[in-house]
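Here is the structure we will look at, set down as structure tokens.
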Amino acid sequence: MSDPEFSREFLPAYGTAVPVSDHVQRITVNNPSPFTFHGTNSYIVGNRSVAVIDPGPEDDAHFQALMDALKGREVSHIFVSHTHRDHSPLAARLKDATGAIVVAEGPHRSARPLHADETNPFSESSDYAFAPDIAIGDNESISGDGWTLTALHTPGHTANHASFALDGTGIVFSADHVMAWATTIVAPPDGAMSDYMASLEKLLARDDRLFLPGHGGPVKDPSSFMRGLRTHRRMRERAVLERIKAGDRRIPDMVKVIYQSTDPRLHGAAALSVLAHLEDLLEKGRIQTDGPPSLSGHYFPT
């Protein structure tokens, strides 16, 4: 199965504010993992009066790095892309320290209700305490000193995921929706594959020149890269359908074949990605199951 041209070249420079574009700096949290790559990227936008995008997890060293980089500057707004614990919790402490206004699509929620006896495998990764001061609508903008950020609702990874376009620059802070180093985890019930694919199409309809993601380095040719991501997801969907037609009935059996070259530590996330594809295929009427779609369900051709 072909993949987009991923780039894993990235120097995190922990604790240092790295210029990545005019009036944009990046500081990376030292929280590497198979899911966060080298760590979560926080961005500072502006000069004298700035916005911070995705302050990150509750981490003392990163908070100090942010405060050092912000010394002598006003922080007017804190933008949060979504409510996973590697992106949003530090917003509260940064707000207390700076008096900034917190902006996000909204508090954490799932893409769909839990089924009977279903548990949310990402519940511990979600920041249920987060509440923005401003719930920003799709295509709504907020301006500061020399910058304007426009919210682009991009659900899929989470139901409340938003990217932020820096108006007049062709730059989009794509958070976890589009990343150069790997595909995005789409894990029900927090996320939904149908939402994710629609969000890809939404960004493809734009003409941006650079994406600055929540993990790893920049996406330098967003349109081409997103077309590759779209093809990749469609091929995954086709692979899931082929495994069902070949007689696989359970998700673990599909994962063994479809993700045989993937790090085994990521097979749990891969199973959730397969479930996301299965939910989408069920909505399209292309497969059937013996109850609500679940990790333990059995799946059949229509």
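Find how many whole Å separate the alpha carbon centroid of segment 173-211 from the alpha carbon centroid of segment 22-91.
If you average the Cα positions of each part, the centres end up 20 Å apart.
Between His23 and Thr119, what length in nm is gained on full extension when 0.36 nm per residue of separation is reduced by their alpha carbon distance? Mind showing how you got there, number by number?
Values: separation 96, 0.36 × 96 = 34.56 nm, distance 4.30 nm.
Length gained, His23 through Thr119: 30.3 nm.
What does the charge add up to near Met197, with Lys and Arg as +1, Asp and Glu as -1, over the other residues with Cβ less than 15 Å from its Cβ?
Net local charge, Met197 excluded: +3.
Rounded to a whole number, what % of the accessible area of the chain do carbon and sulfur atoms account for, probe 1.4 Å?
The C+S portion of the solvent-accessible surface of the chain is 50 percent.
Using the crude model of +1 on Lys and Arg Cβ and -1 on Asp and Glu Cβ, and no other charge, please compute the dipole size for the chain relative to its Cα centre, in debye to 20.
Value, rounded to 20: 740 debye.
What does the charge add up to near Asp127, with Lys and Arg as +1, Asp and Glu as -1, over the other residues with Cβ less than 10 Å from its Cβ?
-1
Would you mind working out the accessible area per residue for segment 1-79, using a 1.4 Å probe, and quoting it in Å²?
48
For segment 242-302, just list the percent of Cα-Cα distances falling in each 5 Å bin from zero outward, please.
Going out from 0 Å in 5 Å bins, segment 242-302 shows 4, 20, 33, 25, 12, 5, 1 percent.
How big is the antiparallel share of DSSP beta bridges in segment 86-218, given as a percent to the nearest 5? Intermediate results must be reported in sequence, preceding the final value.
Numbers: 11 of 17 bridges.
Bridges in segment 86-218 are about 65 percent antiparallel.
Can you give the accessible area per residue of segment 148-266, in Å², using a 1.4 Å probe?
Accessible area per residue: 36 Å².
Around His84, under 9 Å between beta carbons, what's the net of Lys plus Arg minus Asp minus Glu among the other residues?
The answer is -3.
May I ask for the Kirkwood hydrodynamic radius of the chain, worked out over all distinct Cα pairs and given in angstroms to one decimal?
Numbers: mean 1/r = 0.0508 Å⁻¹.
Evaluated over the chain, this radius sits at 19.7 Å.
Using r as the Cβ-Cβ distance of Ser33 and Thr302, and R0 as 41 Å, what FRET efficiency do you calculate, to the nearest 0.05?
Working: r = 38 Å, r/R0 = 0.94.
Working from the Cβ atoms, E equals 0.60.
How many times 2.2 N^0.38 Å is the alpha carbon radius of gyration of segment 129-191? Show your work: numbers first, answer last.
On the way: Rg = 13.0 Å, N = 63, 2.2 N^0.38 = 10.6 Å.
Dividing the Cα Rg of segment 129-191 by 2.2 N^0.38 Å gives 1.22.
If you average the C-alpha positions of segment 247-277 and of segment 93-162 separately, how far apart do those two centres end up, in angstrom?
Answer, in whole Å: 29.
Using the Cα centre of the chain as origin and beta-carbon charges of +1 (Lys, Arg) and -1 (Asp, Glu), tell me which of Val52, Gly137, Gly291 is placed farthest towards the positive end of the dipole.
Most positive-ward Cα: Gly291.
Counting only DSSP beta bridges with both residues in the chain, what percent are antiparallel, rounded to the nearest 5?
65
Compute the distribution of all C-alpha to C-alpha distances in segment 1-68, in bins of 5 Å from 0, and list the percent of pairs in each, rounded to whole numbers.
Bins of 5 Å from zero give 3, 16, 25, 23, 15, 9, 5, 2, 1, 0 percent of pairs.
For Leu266 and Ala13, calculate 0.36 nm times their separation in residues minus their Cα-Cα distance, and state this gained length in nm to one decimal.
Computed gain between Leu266 and Ala13 is 88.5 nm.
The values are calculated or read from the model by the stated rules, or taken from the named source; none is laboratory data. All figures in this text were calculated on a predicted structure; none of them were measured in a lab. All Cβ positions, glycine included, derive from the backbone under ideal geometry; neighbour counts span all protein chains shown. Just the protein is used for accessible areas: all its heavy atoms, side chains included, with ligands, DNA and RNA removed. Shrake-Rupley method; radii C 1.70, N 1.55, O 1.52, S 1.80 Å.
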